[in-house]
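Trainee: I'd like to ask you about the structure that follows.
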Amino acid sequence: MKTRPVYACEVENAKYYDTGNKLEYLKTVVEFALQHKDLNGDFRQYLKSLKL
């Protein structure tokens with residue numbers, strides 16, 4: 001069996017996204033879209049237009 005080094009770093013005050021979970025994946029996509037300056041206006045307007 002070959003071994004390889006593993007590199008890691010501890011990140012403080014970070015947010016964890018579980019994109020292996022379907023609902024959490026969708027939440028992540030929405031959150032990132034709202035933070036993206038080229039998308040957030042139109043995307044926010046689209047979300048507001050949904051009849052929820």
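Trainee: Could you give me the residue pairs with C-beta distances under 8 Å whose first residue belongs to region 25-52 and is in contact (Cβ under 8 Å) with a residue 60 or more places away in the chain and farther than 27 Å from A14 by Cβ, whose second residue is of a type in the set (G, A, S) and surrounded by 13 or more Cβ atoms within 10 Å (Cβ to Cβ) wherever it lies, and which are 6+ apart or on separate chains?
Mentor: Pairs found: none.
Trainee: Please state which one of Y17, Y7, Y25, Y46 is surrounded by 10 or more Cβ atoms within 10 Å (Cβ to Cβ), in a loop (DSSP other than H, G, I, E, B) and of a type in the set (S, T, Y).
Mentor: Working: Y7 fails: surrounded by 10 or more Cβ atoms within 10 Å (Cβ to Cβ); Y25 fails: in a loop (DSSP other than H, G, I, E, B); Y46 fails: in a loop (DSSP other than H, G, I, E, B).
Checking each option against the conditions leaves just Y17.
No lab work stands behind these numbers, since they all come straight from the coordinates. As the structure is a computational prediction, the values presented were derived from the model and not from experiment. Don't worry about glycine lacking a Cβ; one is built from the backbone with ideal geometry, like all the others, and counts go over all protein chains shown.
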